[in-house]
Amino acid sequence: MALAVSSSSAISASNLQHFAASFEVKAPRIGSVQLLNRPHGLSAGVDYSRKGFSVKPINAKSRRNDLIVPLSANTLGAEVEEKAETVDYDGLAKDFEYASPLEIMDTALERFGNDIAIAFSGSEDVALIEYARLTGRPFRVFSLDTGRLNSETYKFFDTVEKHYGIHIEYMFPDAVEVQGLVRNKGLFSFYEDGHQECCRVRKVRPLRRALKGLRAWITGQRKDQSPGTRSEIPIVQIDPIFEGLDGGIGSLIKWNPVANFDSKYIWNFLRTMNVPVNSLHSQGYVSIGCDPCTRPILPGQHEREGRWWWEDSKAKECGLHKGNLKHLNGNGNGALHVNATPQVNDIFVSENLVNLNRIGIENLARLENRKEPWLVVVYAPWCQFCQAMEGSYVELAEKLAGNGVKVGKFRGDGEQKEFAKQELQLGSFPTVLFFPKHSSKAVKYPSEKRDVDSLMAFVNALR
């Protein structure tokens, strides 16, 4: 922009500043809120109650674009080339190891401004939006609408938008891709050949488009959510899978503010701050995804056991956080080797349990007349669902000791997995089998109730 200045007058610095301010860009920021009268910085004396905040939506209605478009910049006079800042994100992650989610969120929003957005799934990650509100900074929120979410989740989206005075930017799958998938393989192909293809079409590709309009994103990942895939997630990292606005590896930063906090901490925070939550949580749902692939869990089950329950528990990621899978095979490319055997301590350790090797389980399976019936768990020690039932299974072994039923275990991962799938009815870990006294065919425990009483009822019904 050129400024014409007459010789009879001069523009003072203050006037020029006022003039430049009048040309402030008014481009809409979808999913953002502007909190008025924000105090400078955070302090121990800040009152985090809602009464102290005035929330004003930036835009009047939701806009759904193919990308999350960054706010355009307006310059006055000559453009000044900005020097790229080099940040040691590994070091930053260590610095934040004992920081609060609020402090981490504030730093992320301050550092990236309008080039960062919160990924909201409609679950307990609503805590991220509350933390963002408490910083007093503008923030953006996006979500993936797969077209197969629960009706309760859609209602929750609406509640969150009204509660915070924001507009969530929804990303949708490509209609042609969805049409091709459904026409070729049906509505429920994922029950037969795995969830990866459907998730790739409905979630991963829309996410990829969204992130191409950002330089950073914020997720609700926690280490306790999935010990098999999320136990080592850092507070902040260079995204190993997706690309950001500038393109290429290293162009996108991923923030995980609640990585070091467990579910109990998050729920205490939500209740304390009176944050609205998805009504599915009161129905036994913990981890919430698409309707056909999500179900309530039972007492004693891990929260991820309610997702893709028909599959191997070690690969319970939809692809949004595929980079986490590198911890399982060490190659960093996100692929999961079938025979990968993570080095972890063994479980189901008890003097009342027989540790069966391959020859032992083969002999047991071939016998038609056994001296006594056997109960055997086919397991993998790294599996969080096996870990969750360890206490009840060991207790059951103690109760059955000397009562005419042998209790054993067989490690069915790694090189033994194909054998376990073909000969021991392994679908996912853990698989519990009962070998009757006078029958060669093992009976598979049909329920996912793995408490002592349920397992004992199964034994008593067959022996």
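The values are calculated or read from the model by the stated rules, or taken from the named source; none is laboratory data. Quantities reported herein were computed from a predicted structural model and do not represent experimental measurements. Positions of Cβ are generated from backbone atoms using ideal geometry, with glycine treated the same way; all protein chains shown enter the neighbour counts. For the accessible areas, the whole protein counts, side chains as well, though only heavy atoms, and no ligand, DNA or RNA atoms are used. Shrake-Rupley method; radii C 1.70, N 1.55, O 1.52, S 1.80 Å.
Table for the structure above
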item: Residue check for PHE190: within 15 Å of ILE118 (Cα to Cα) and crowded, with 16+ Cβ neighbours inside 10 Å; result: no
item: Selected residue (criterion: surrounded by the fewest Cβ atoms within 10 Å (Cβ to Cβ)) from residues of region 256-286 that are among the polar types (S, T, N, Q) and in a loop (DSSP other than H, G, I, E, B); result: ASN274
item: GLU197 in contact with a helix residue (DSSP H, G or I) (Cβ under 6 Å, 6 or more places away or on another chain), assigned by the TED database to the domain that holds GLY113 and either open to solvent by 20 Å² or more (accessible area, probe 1.4 Å) or among the polar types (S, T, N, Q) (or both); result: no
item: Residue match in region 412-434 (condition: small (Gly, Ala, Ser), closer than 20 Å to ILE347 by Cα and open to solvent by 10 Å² or more (accessible area, probe 1.4 Å)); result: yes
item: Among (1) among the hydrophobic types (A, V, I, L, M, F, W, C); (2) open to solvent by 20 Å² or more (accessible area, probe 1.4 Å); (3) part of a loop (DSSP other than H, G, I, E, B); (4) modelled with pLDDT of 95 or more, the one test that PHE139 misses; result: (2)
item: One residue from LYS223, LYS203 being within 17 Å of TRP308 (Cβ to Cβ), in contact (Cβ under 8 Å) with a residue 24 or more places away in the chain and within 13 Å of the chain's Cα centre (by Cα); result: LYS203
item: Close pairs (6 angstrom Cβ cut-off, 6 or more residues apart or separate chains): over 16 Å from LEU462 (Cα atoms) in region 361-388, at pLDDT 90 or above and acidic (Asp, Glu) anywhere; result: ALA380/ASP413; PRO381/ASP346
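For (1) at pLDDT below 90; (2) surrounded by 22 or more Cβ atoms within 10 Å (Cβ to Cβ); (3) in contact with a Lys or Arg (Cβ under 8 Å, 6 or more places away or on another chain); (4) not in a helix (DSSP H, G or I), each residue gets a yes or a no:
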position: VAL349; (1), (2), (3), (4): no, no, no, yes
position: ASN352; (1), (2), (3), (4): no, no, no, yes
position: ILE359; (1), (2), (3), (4): no, no, no, no
position: LEU364; (1), (2), (3), (4): no, no, yes, no
position: LYS399; (1), (2), (3), (4): no, no, no, no
